[in-house]
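The values are calculated or read from the model by the stated rules, or taken from the named source; none is laboratory data. These numbers come from a predicted model, not from an experiment. In this analysis, Cβ positions are derived from the backbone assuming ideal geometry, glycine residues included, and neighbour counts consider all displayed protein chains.
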Amino acid sequence: MKIGMLTSGGDCQGLNAALRGVAKTLYNEMGKGVTLYGIRDGYRGLIEGDYHEMKPDDFSDILTLGGTILGTSRQPFKQMQRPEEDSEQTKLDKMLKTVKKAGFDCLVILGGNGTHKTANLLRENGVNVVTLPKTIDNDLWGTELTFGFQSAVNIASEVIDSIHSTAFSHSRVFIVEIMGHKAGWLTLHAGIASGADVIVIPEIPYSAKKIAQAIEKRAKDGKRFSIIAVAEGAVSREEAAMSKKEFKAAREAMPYPSVSYRLAAELKELTGQEIRVTIPGHFQRGGAPCAADRVLSSRFGAAAAELIREGKFGNMVALRDDKIVAVPLSEVAGKLKTVPPDCEIVAQARALGLSMGD
Ligand code: F6P
């Protein structure tokens, strides 16, 4: 059996652990009956026929390694089409041609939302596909957890932990901007884990006035500082009421590099306090996976290999109630898992006395 593997979209911790999990399980259970191929830089490699045979040794010593040994690129569809670029149909045709030419019996695809849409497109065009859910954003529908998320939560929490001491010393208000695209999972978890005072997530539009009130209340209570964890995708109440077109125009006209800086200016105006902004950015996606992600990636890898062995293609491996299950790609593709504003963890954050900025 010939199997092509690729990692696509933004990298994250646990990709190599997951590749290793798939490979180890297949080699253990199928021995010489399986040959693995690494497709370079995600779908780019599939489009351009850039793949190479891999050996068991290639998967040694990579359990704790950050990034991806295969390289990655953003998914090839729904991007700005440059004139010199192939059309989407041509890209798809080229991918199908590579699968045929290489004689791949199956593709193992590791990725997030965009990656899953393309994986589903390949499935619809007759390719046997098994996918694994990766992203620090945890916004993939169908699974309770994606790998990478827990490592990123740890890193973002450590950043906020460190900010505490300098915020205390200078009696300052700090905004820490957390990744997560349009979902607030990372900010919510890191904010709770590190004792942030205000958590602002895209799913709960913020009011600068309410955040200012929360800061002022803390000051009145004798607290020397406040820490606000802001998701990069956060939107204000005013923005939430806008049409898509109006929102786009407003954001394009925004004189700040990100929503955090705008909030900082608003809060300075409202409270008169000094506000600092910290953006850990891609730091949150780098380095070794935490132990929990190593376990999750390995479990996903082993489960994906089982699906291949059993010929159960067209599925994503997913975590539900601490069991790894198979979820049809047709159900996953194109669906975003955001934080329900009234979910238990948000209610618990509020019960802990945190402000959600609303
Ligand atoms: O999807 C992962 C993620 O890190 C998001 O949290 C973030 O919005 C985006 O990728 C950043 O993308 P890039 O690495 O292309 O700058």
_Among the numbered criteria (1) surrounded by fewer than 14 Cβ atoms within 10 Å (Cβ to Cβ); (2) farther than 30 Å from Gln213 by Cα; (3) at pLDDT below 95; (4) not basic (Lys, Arg), which one does Glu274 miss?_
(2)
_Counted residues, segment 210-259 - those being at negative phi, surrounded by fewer than 19 Cβ atoms within 10 Å (Cβ to Cβ) and not in a helix (DSSP H, G or I)_ = 11
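Yes or no: Thr72 of a type in the set (Ser, Thr, Tyr), more than 20 Å from the chain's Cα centre (by Cα) and at pLDDT 95 or above? Don't jump to the end; show me each part of the working.
On the way: of a type in the set (Ser, Thr, Tyr): yes; more than 20 Å from the chain's Cα centre (by Cα): no; at pLDDT 95 or above: yes.
Judged against the criteria, Thr72 is not a match.
For a quick check of your reading: which helices (runs of 4 or more DSSP H) sit entirely within segment 1-109 and have at least 1 residues that are of a type outside the set (A, V, I, L, M) and within 16 Å of the ligand (Cβ to nearest atom)?
Details: elements: 15-30, 43-48, 88-102.
Hits in segment 1-109: 43-48.
Tally up the residues in segment 110-121 that are of a type outside the set (S, T, N, Q), assigned to a helix (DSSP H, G or I) and either within 13 Å of the ligand (Cβ to nearest atom) or surrounded by fewer than 23 Cβ atoms within 10 Å (Cβ to Cβ) (or both), please.
Residues of segment 110-121 that are of a type outside the set (S, T, N, Q), as a first pass: 110-112, 114, 116-117, 119, 121.
Checking which are assigned to a helix (DSSP H, G or I) leaves us with 114, 116-117, 119, 121.
Remaining after also requiring either within 13 Å of the ligand (Cβ to nearest atom) or surrounded by fewer than 23 Cβ atoms within 10 Å (Cβ to Cβ) (or both): 114, 116-117, 121.
Residues that pass the stated criteria total 4.
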*Only residues that are within 23 Å of Asp139 (Cβ to Cβ) and of a type in the set (Asp, Glu): list them for segment 6-40, please.*
Asp11
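For segment 130-152, name all the residues that are within 22 Å of Thr68 (Cα to Cα) and surrounded by fewer than 22 Cβ atoms within 10 Å (Cβ to Cβ). Write out each step before concluding.
Here is the first cut: in segment 130-152, the residues within 22 Å of Thr68 (Cα to Cα) are 130-140, 143, 145-152.
Leu145 - this is the single residue of segment 130-152 that is within 22 Å of Thr68 (Cα to Cα) and surrounded by fewer than 22 Cβ atoms within 10 Å (Cβ to Cβ).
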*Go through Glu203, Glu177 for me and flag whichever is of a type in the set (Asp, Glu), surrounded by fewer than 24 Cβ atoms within 10 Å (Cβ to Cβ), within 20 Å of the chain's Cα centre (by Cα) and within 16 Å of the ligand (Cβ to nearest atom).*
Glu203
_Test: residue in segment 131-150 that is assigned to a helix (DSSP H, G or I) and more than 12 Å from the ligand (Cβ to nearest atom)_ = yes
*So which residues in segment 277-293 are surrounded by 17 or more Cβ atoms within 10 Å (Cβ to Cβ) and more than 16 Å from the chain's Cα centre (by Cα), if there are any at all?*
Val277, Thr278, Ile279
*Counting just the residues of segment 232-277 that are within 16 Å of the ligand (Cβ to nearest atom) and in contact with a strand residue (DSSP E or B) (Cβ under 9 Å, 6 or more places away or on another chain), which one comes out nearest to Asp137 (Cα to Cα)?*
Glu232
*Is there any pair linking a residue in segment 121-149 that is at pLDDT 95 or above to one that is among the aromatic types (Phe, Trp, Tyr) and in a loop (DSSP other than H, G, I, E, B), with Cβ under 7 Å and at least six apart or on different chains, and which?*
Asn128/Phe313; Val129/Phe313; Val130/Phe313
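Can we say Ala303 is without any contact (Cβ under 8 Å) to a residue 60 or more places away in the chain, in contact with a strand residue (DSSP E or B) (Cβ under 8 Å, 6 or more places away or on another chain), not in a loop (DSSP other than H, G, I, E, B) and not aromatic (Phe, Trp, Tyr)?
Details: without any contact (Cβ under 8 Å) to a residue 60 or more places away in the chain: yes; in contact with a strand residue (DSSP E or B) (Cβ under 8 Å, 6 or more places away or on another chain): yes; not in a loop (DSSP other than H, G, I, E, B): yes; not aromatic (Phe, Trp, Tyr): yes.
So Ala303 fits the description; yes.
Mind telling me which of the residues Gly311, Gly357 ends up being surrounded by 14 or more Cβ atoms within 10 Å (Cβ to Cβ), more than 16 Å from the ligand (Cβ to nearest atom), at pLDDT 95 or above and at positive phi?
Values: Gly311 fails: surrounded by 14 or more Cβ atoms within 10 Å (Cβ to Cβ).
Result: Gly357 is the single residue among Gly311, Gly357 that is surrounded by 14 or more Cβ atoms within 10 Å (Cβ to Cβ), more than 16 Å from the ligand (Cβ to nearest atom), at pLDDT 95 or above and at positive phi.
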